[in-house]
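Worksheet: the structure to be examined is printed underneath.
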C-alpha cells in the first residue's frame, strides 16, 4: 500500500479531495452559527435554548440566511461526492499529471468561489458559473473514465 | 497504478460507478428546470427572476412536481453513496467477474427504473420495488465485504 | 487486487466503513416507519394510503419525530461521506495499524451514539458531543493525509 502513496497522481488526488471535503465539513458548524445568530431553526433543541418568547417565535420561522447556508451545504454534498468518486477513478486511468492537477485545482477553486458567492449572496451569475465550471470538470474526468473503461 | 486499470474487475466497477454518478448529477439541472417551468422555488434568486406578482406568489409555494424531483435526488444521494463505497470495497474481495457484473448491473438498472418511476409518478410498487432491489444488491455486496474483512 | 485485501489496514478500513454505511442505510426504512406510525409525511403517496380524512390532515403536517429521523439521516450523510473519503486516503498513508483502528472505532462508535441520542432525544450534550468526537477523528485523519500529501 505504501507504493500507492509514493505515486504523485494519488498524492495529488489525496490532497485536493481532502481539502474540498474539509471545506464541506466546515459548512455544518457554519449552519449552526447562522441558526443561533439569525434565529431561524428547524430544531426544537435550538428553540428551547432561548427563554424569550419573541426569540422563540423567530426561531420557528425559516430564516433566508440560514436556508442559504443549508442549501449551500446540500449543493456541496451533491457535487463533491461526484467529484471524489469520479476523480479517484480518473486518477487510475493514467492521465498526464499536469492535466489531472488542472482538473483537481479548477474543481476545488470553483467550489470555494461557489461557497463564497452563495454565502455573501453575490449577484448572479457568479454562483451559477462556478457551479457549472465544477460540473464541466467532473464531466471531463468522467468522459476519460468511461472511454478507458468501455473500450480499452 | 496503471496495473489497477488493466484489471477487469476494477474497470467494471469504474464503468458502472461513473454511469450511476452521472445519472445522479443529472438530477440537479432537472430540479432547476422543474423549478422554472412549474414555478415552485425554495430560492429567492429564482423568485426575483419573475416580475409578474402572480408568478412570484406561485414560486413561494412548494410545488409537488418540484418536491418530487428534489426527493428523488436526495434518495439518489443516499443510495448511490452506499453503493459506491461498498461496491469499491467489494471489487477488492475478489468475487467472480460475472457475479460482480450482475451486482453492478442490477443496481444501476434499479436506480434508472427508480428515477423514471419517481419522476413520472408511476403507480406503486414500481418505485418501492426498484428501491428495494437496489438496497438488496448493496446488502449482498456488504455481506461479502464483511465476511472477508471479519474472518479471513 | 487480491494483494490489497490481504493487507490488514485495508481490511480494517473495509470493515468499519461497511458497518457505518450499513448503519446509515438503516435510516431510510426507519424514516418510512416513523412516517407511517407518526403520520407526518412529505409525500402524497403516503397520504393517499390513508382513507380517513383525519389521518390525511395529520399526514400533511410535519411531525417532530419524523423530522428528527430525517435530520439524523442527513447528518449521517454529511459526516459518513467525509469519513469514508478521508479514511480511505488515510489508510494509504501507512499509519500504525493500532492508531488507525483507534480512529476507525472511535468514529463508528461516535456515530452509533449520535444516532441513539438523536432518535431517543436524549438530553444534550450527548448528541452534540458524539457529533464533535466524530468530527475530531475525521480531522485527525485529514491532518495526516495533508501532511503526507503536501510535504512528502
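Within segment A:54-67, the presence of a residue that is modelled with pLDDT under 80, away from chain B (no Cβ under 13 Å) and within 22 Å of residue B:78 (Cβ to Cβ) is excluded. Residues in segment C:109-128 that are over 15 Å from the mean Cα position of the chain (by Cα) and on the phi < 0 side of the Ramachandran plot: C:120, C:122, C:123, C:124, C:125, C:126. Applying the criterion of being part of a helix (DSSP H, G or I) and touching a helix residue (DSSP H, G or I) at 6+ places or on another chain (Cβ under 6 Å) to the residues of segment A:88-99, the residue that is surrounded by the fewest Cβ atoms within 10 Å (Cβ to Cβ) is A:97. When every residue of segment B:102-111 is checked against the conditions, none turns out to be within 11 Å of another protein chain (Cβ to nearest Cβ) and assigned to a helix (DSSP H, G or I). For the structure I just gave you, tell me whether residue B:84 is outside any loop (DSSP other than H, G, I, E, B), within 14 Å of chain A (Cβ to nearest Cβ) and modelled with pLDDT of 80 or more. Here the answer is yes, as residue B:84 does meet what is asked.
Remark: pairs (first residue in segment A:1-22, within 14 Å of residue C:138 (Cα to Cα) and more than 7 Å from chain C (Cβ to nearest Cβ); second residue crowded, with 19+ Cβ neighbours inside 10 Å and at pLDDT 80 or above; Cβ separation under 8 Å; 6+ apart in sequence or on different chains) = A:19/A:108; A:20/A:80; A:20/A:83; A:20/A:84; A:20/A:107; A:20/A:108; A:20/A:111. Would you check if residue B:71 is at pLDDT below 85, within 11 Å of chain C (Cβ to nearest Cβ) and buried (at least 21 other Cβ atoms within 10 Å of the Cβ)? Against the criterion (at pLDDT below 85, within 11 Å of chain C (Cβ to nearest Cβ) and buried (at least 21 other Cβ atoms within 10 Å of the Cβ)), residue B:71 does not qualify. In summary, residue A:29 fulfils each of the numbered conditions (1) surrounded by fewer than 17 Cβ atoms within 10 Å (Cβ to Cβ); (2) touching a helix residue (DSSP H, G or I) at 6+ places or on another chain (Cβ under 8 Å); (3) at pLDDT 80 or above with the single exception of condition (2). Going by the conditions given, is residue C:98 at pLDDT below 65 and farther than 24 Å from residue A:92 by Cα? Answer is no for this residue. Looking only at segment C:118-133, residues that are at the interface with another protein chain (Cβ under 10 Å from one of its Cβ atoms) and modelled with pLDDT of 90 or more come to 0 in all.
The values are calculated or read from the model by the stated rules, or taken from the named source; none is laboratory data. Treat the numbers as computed from the prediction; the structure is a model and nothing was measured. Cβ sites come from the backbone with ideal geometry, for glycine too, and all protein chains shown count toward neighbours.
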